[in-house]
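We did not get these values from a lab; they are worked out from the coordinates using the rules stated. Computed from a prediction, not measured in an experiment: that's the story for all the values here. Glycine also receives a Cβ, built like all others from the backbone with ideal geometry; neighbour counts cover every protein chain displayed.
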Amino acid sequence: MESYGANVAVKGWVRTCRGSKQISFIALNDGSTINNVQVVANIETIGEEALKSVTTGACLSVEGKLVQSQGKGQSVEIQANSIEVLGAADPNTYPLQKKGHSMEFLREIAHLRPRTNTFGAIFRISHNMAFAIHKFFHERGFFYFHTPIITASDCEGAGQMFQVTTLNLYDLKKDDKGQIRYDNDFFGKQASLTVSGQLEGELAAMGLGAIYTFGPTFRAENSNTPRHLAEFWMIEPEVAFNEIKENMDLAEDFIKYCVQWALDNCTDDIRFLNDMFDKELINRLESVLKDSFIRLSYTDGVKILEEAVAKGHKFEYPVFWGADLASEHERYLVEDHFNRPVILTDYPKEIKSFYMRQNDDGKTVRAMDVLFPKIGEIIGGSEREADYDKLLTRIKEMNIPMKDMWWYLDTRRFGTCPHAGFGLGFERLLLFVTGMSNIRDVIPFPRTPNSAEF
């Protein structure tokens, strides 16, 4: 901090402006911190005309003297010698006035919401989480690998993908069977936006040892829930020679590192969100660091849920072996039964993807989901199937087109090895770290069904 009496120059946006006709107290913020700086402007020094344009939302350049504050809420303030209004904001139409705004309203003005305290805090935390992710992997010898955004394969086998095309949609050419002809399209075949960089990440791990991806992914699911987006970011490490246990260790170390980084480096912003939105936020973040995560098989998890039902607990969705567990089931295990994060393993193969390594029982695969309080699944991963014949059988069983898979199978033909990886949805991590309740509030411009503004 500059010493008292120093002449300083600051630029920023007016959060609030109050005072009398003779003196104004201006809360100025440049976006670098949750904390405003108070500017004291005397009408005799600044002039009545200049102060007229100093309203909430206006952008100012202020020069003045740093002095000890006489008021509450701050230790220093700036006694303004001059104020230049770089950009005025009409107080009659500027939508971010000094009052409480709903999250729904702020989504409608997402182009302005970074100027609020709440979203300033969220997006500064977002930056810190991205930095921590790169730092974590770099320190452990991983290589950052860029996987394609445009792909001709469907990693999940779900088919709910956004198509990428240069064809004239008003004049689509079709073959004798009524199928769209892609031979004149840009890539000469059907192409889509990726749902995951995992498959290509596996190819890189087979040569570089340990890699991670961090990029945008896209799902064309019509999911209007607080946990789903059509465009989001994923972190996907893939590690040669790792098996399921090492994969769980990596996931636990990784997420604890990110949470610790947030507590250490985003203190003011997290404290603000704790006080404003979620009084348990800091306690919840600290509790994740306190104990080792529970490691539990899917079969044992289902038994615990069935026992809960037998004792009268009501779930919206049924519980049985073979069910794809819902968020309410996952959160029961984490929040009610164990009171700490859970890594669930060894899922039925029918509800998991084709590339997961099969266990000897013939019924389950070496999948792992990390379950967190308030979120449910925050990480999903597995040991990958390294056996060519087993992988080929699963591909055929799930009717995945072989023309899309030849290159993936090649890694099992040429120098295969045990390997494992997982995916962390970046916005799911931000949901947990910020305590927000809707994923649309932790990404700058959410893409959801019927919504692609800004």
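Tabulated results
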{"read-out": "Sparsely packed chymotrypsin sites (Phe, Trp or Tyr not before Pro) within the stretch 107-152, loop by DSSP, other Cβ within 10 Å at most 11", "value": "none"}
{"read-out": "Kyte-Doolittle mean at least -0.5, axial Cα span of 15 Å or more - DSSP H helices of the chain", "value": "117-139, 244-265, 298-310"}
{"read-out": "Residue 249 versus residue 76: modelled label distance in nm, points set 7 Å from Cα along the beta carbon direction", "value": "4.8 nm"}
{"read-out": "Global form of the stretch 3-131, assessed from the alpha-carbon gyration tensor, a/c cut-off 1.5", "value": "oblate"}
{"read-out": "Where trypsin sites (Lys or Arg not before Pro) in DSSP loops with at most 14 other Cβ within 10 Å are excluded, longest remaining stretch of the chain", "value": "315-454"}
{"read-out": "Gyration tensor verdict on the stretch 288-351 (Cα atoms; rounded if a/c is under 1.5, prolate if a/b is larger than b/c, oblate otherwise)", "value": "oblate"}
{"read-out": "Stretchable slack from residue 208 to residue 25, in nm (0.36 nm times residue separation minus alpha-carbon distance)", "value": "60.1 nm"}
{"read-out": "Coil-residue GluC sites (Glu not before Pro) of the stretch 275-376, DSSP, other Cβ within 10 Å capped at 12", "value": "280, 316"}
{"read-out": "FRET efficiency estimate (nearest 0.05) - Cβ-Cβ, residue 176 to residue 326, R0 51 angstrom", "value": "0.70"}
{"read-out": "Within the chain: Cβ-based charge dipole about Cα centre, in debye rounded to nearest 20 (Lys, Arg +1; Asp, Glu -1)", "value": "700 debye"}
{"read-out": "Sum of -39500 (n - 2.57) over DSSP H runs of 4+, divided by residues of the chain (222 nm, nearest 500)", "value": "-9000 deg cm²/dmol"}
{"read-out": "Spatial separation of Cα centroids for the stretch 26-73 and the stretch 108-127, in angstrom", "value": "21 Å"}
{"read-out": "Mean Cα-pair separation over length for the chain, i.e. relative contact order, pairs under 8 Å, 6 or more apart, %", "value": "14 percent"}
{"read-out": "Nearby aspartates and glutamates by direct alpha-carbon distance to residue 21 (threshold 15 angstrom, same-chain neighbours under 8 apart not counted)", "value": "44, 48, 49"}
{"read-out": "Unit charges at the beta carbon, dipole of the chain: most positive-side option, 138, 114, 46", "value": "46"}
{"read-out": "Antiparallel DSSP beta bridges within the chain, percent to nearest 5", "value": "90 percent"}
{"read-out": "Separation between Cα centres of the stretch 209-280 and the stretch 353-394, rounded to whole Å", "value": "19 Å"}
{"read-out": "Cα-based shape type of the stretch 160-230, given that a ≥ b ≥ c are square roots of the gyration tensor eigenvalues and the cut on a/c is 1.5", "value": "oblate"}
{"read-out": "Straight-distance crosslink candidates among lysines, where the alpha carbon sits under 23 Å from residue 303 and sequence neighbours closer than 8 are dropped", "value": "245, 311, 314, 349, 352, 363, 374"}
